[in-house]
Structure formats: structure tokens, C-alpha cells
Amino acid sequence: MAHTVFVLNGPNLNLLGKREPHIYGAETLADIEVACRRHAAGLGLALDFRQSNHEGVLIDWIHEAREKAGGIVVNPGAYTHTSIAIHDALKAFSGPIVEVHLSNIHQREPFRHTSYVSLVAKGVIAGLGSHGYVLALEAMARLLAAPV
């Protein structure tokens, strides 16, 4: 039976390919989803890939993952640096969490250097563009296969 992984994307990620391509690249979120689905299939993972610009919706999805997912890959966008509520929701999730960022948040503005999500994530992948999602899925497959 395949493990289901929720891939949750936060605000403005629906604008990938249009918004600051010099930082975030030319690929769209739909392009990233296609690559993730292809890679996940090879890893034996089922994906539930979502994006919202609304903090409460992301929190509801994290709560839903408690019942439906083995792990969460999350790119919370700007909520990474501001949302204690998302941190708290993720903290209540019992499976592994991998945080992903297209850009290297540590090379950017100082306010982006703090991540509330990193405090509850098993691992963080930042600065590798869309390939970071593929790497996050590889890490998730290993984490889900590891003995408890």
C-alpha cells in the first residue's frame, strides 16, 4: 500500500513562472506538480498536491493530513517566517515533515532567515529550485520506509 504524502504550497506559489523568475525560476507550480507526480510514482508514493494563499486553509489541510497522510512536504511561502499557527498545526502532525523553499532563504532579506516551520520539520531543502521538491520526495520515501 502506497503512503500518501501531502505536498502543501502557500501564498503566491500560484504565481510561479510569472513572479520574480530571477529568484523562483520559470517553471510554474503545475510544472512542479507534474514532476512531483512522476517522481512519486517511481518511489511508490501517492501525492495530494495543493496550493492556497490562505493561512487557515493550509492549517485545515495539515489537520486533514493527520488522518490521510503519512508525511507532509510543505513550502509555506511567506508564512514560513510569520505563522506560529502553521507551526502549531504541523507540530500536531505525527508523521515526517520536509520543508522546501525554491530560493535559499538564508541568502535573502534578514526577515526570511527565521523559519517557524523548521522547528518541526525533519529536514529542510532550500535554494535548489524546483528540484528541491523531488529531493524532498526522495527524503520522504526514506523517512516513511524507516522502521519506527
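The values are calculated or read from the model by the stated rules, or taken from the named source; none is laboratory data. None of these values were measured; they are calculated from a predicted model. Positions of Cβ are backbone-derived with ideal geometry, glycine not excepted, and every protein chain shown enters the neighbour counts.
Cβ separations smaller than 8 Å between residues 6+ apart or across chains give the following pairs from segment 28-52 residues that are touching a residue at least 12 places away in the same chain (Cβ under 8 Å) to residues that are of a type in the set (Gly, Ala, Ser) and surrounded by fewer than 18 Cβ atoms within 10 Å (Cβ to Cβ): Thr28/Gly17; Leu29/Gly17; Asp31/Gly17; Ala40/Ala46; Gly44/Ala2; Leu45/Ala2; Ala46/Ala2.
Pairs are defined by a Cβ separation below 8 Å, a sequence spacing of at least 6 or placement on different chains, a first member in segment 98-120 that is within 20 Å of Ala69 (Cα to Cα), and a second member that is acidic (Asp, Glu) and at pLDDT 90 or above; the pairs so defined are Val117/Glu99; Ser118/Glu99. In segment 74-93, the residues that are farther than 11 Å from Ile62 by Cβ form Cβ pairs under 7 Å with partners that are of a type in the set (Lys, Arg), at six or more places apart or across chains, as follows: His81/Arg112.
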